[in-house]
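The values are calculated or read from the model by the stated rules, or taken from the named source; none is laboratory data. These figures come from a predicted structure and were not determined experimentally. Cβ: placed from backbone, ideal geometry, glycine included. Neighbour counts: every protein chain shown. Ligands, DNA and RNA are stripped out before the accessible areas are found, and what is left, the full protein with its side chains, is counted by its heavy atoms. Shrake-Rupley method; radii C 1.70, N 1.55, O 1.52, S 1.80 Å.
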Amino acid sequence: MDTGRLRASWSRVAVYGTQVPAFFYARLFVAYPQLRDMFPASMAVQQDRLVGALAAVVSGVDDLASVVPVVEALGRDHRKFTVRPEHYPMVGESLLATLAHFLGGEWTADLAADWTEAYQIISKVMIDAAAAAEATSPPWWDAEVVAHERRGFDVAVLRLRPQLAYRYRAGQSIFVETALRPRIWRPYSAANAPRSDGTIDLHVKAVPGGQLSNALVNGVVPGDVVHLGSPVGNRLTLAGDQGRSVLMLAGGTGLAPLKAVVEELAATDPPRRVVLFFGARTAPDLYDLAALERMGQALPWLTVVPVLSHDTYSQVERGTVTEVAMRMGNWTGYEVYVCGSDGMIGDAETRLVAAGIPLSSVHFEDFDADPYRTAPAAVNTAGAAATGEGTFG
């Protein structure tokens, strides 16, 4: 298998942008119409994810030691889409047909053999991982909504009780689906460390056009049952930080995983200093400030600083959350945990690096790029509102 040839061919295909996933799915559903019901009604997000998934596979197939854990996690998690071993050849056939279509005369027998081998390696790892997981965990967990509290116009806090034991770490996220929006799965960060009663809190903001988020905020009620996928993401969990003091930068519902980590830290000994900046646009958007202030009163090592960027009447700190943090302290030697919008995280990265804080000390998730990889990333997005919709990606 010539991995250089694989990458070069993919680069030539990728320039066609959204035409590539559109052709792939059209080809897949025409050839195998029985697969259509495995996908959400709207394919917009799913099509975007396909391109990134292919690029990741191609770029890592010659370094199996690093890519195998990622692909194994994909295989285990795809059980929630009812993906079976017999589906993989169908997807592979459509993939090769798509490549042949866009490469035209450049599609040779040797290149077809390279792509076939690469896909077979990846699909076998996924199939084997899924089979092994069948013995230890369900494809998804049913969880009852035991409480649903509106926090303003577009934010709700949901408390879920899984019917079977559900294990996760503070800082991880959980793929969620509801019968109100079938086959749409998105990751939401747990807002609490694991509890003895097994309940899990989610902070959900209804975003424009967000089918699942609007269903969870405006449609789900106590007594409903939602589905939970396996926990994903380790970049916001406490690991390898040498017990140092912690700076937390939270934007909007990006607060959720950081609040969970604070709860975990409350159970550690000795305690360490934590400074949590909670940023939003206006005062009503600081939807969980009262709970955070109670935590600050109960935990002497925790300092909570609310920040507003667009509220001229409030008396709290003004500016972006990272701007205010940089203004108020020197964070050299701190571990930094960041969760919020793309723009907020990009701003945090720029300002932290400029302040001399190494990226190795900065922790944030990147679900748009890869929800399963555990190594640190260079950029991007919020664990509480990231994408995760669809199948095979």
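General observations
- Annotation: lysines with alpha-carbon distance below 28 angstrom to residue 259 (same-chain offsets under eight excluded): 80, 205.
- At most 13 other Cβ within 10 Å, DSSP loop - trypsin sites (Lys or Arg not before Pro), the stretch 95-168: 167
- Helix 44-60 axis versus longest C-alpha principal axis of the chain: approximately 80°, rounded to the nearest ten.
- Distance from the stretch 319-354 to the stretch 72-91 (C-alpha centre basis), Å: 38 Å
- The slack in the chain from residue 293 to residue 12, taken as 0.36 nm per residue of separation less the alpha-carbon distance, amounts to 95.8 nm.
- Using a probe of 1.4 angstrom and keeping all protein chains present, the accessible surface of the chain works out to 42 square angstrom per residue.
- In this structure, the amide hydrogen of residue 248, modeled 1.01 Å from its nitrogen in the peptide plane, lies closer than 5 angstrom to those of 275, 276, 277, 337, counting only residues at least 5 positions away or on a different chain.
- Share of carbon and sulfur in the accessible heavy-atom surface of the chain [1.4 Å probe, %]: 55 percent
- The overall shape of the stretch 139-297 is oblate: from the C-alpha gyration tensor, with semi-axes ordered a ≥ b ≥ c, the ratio a/c is 1.5 or greater and a/b is no larger than b/c.
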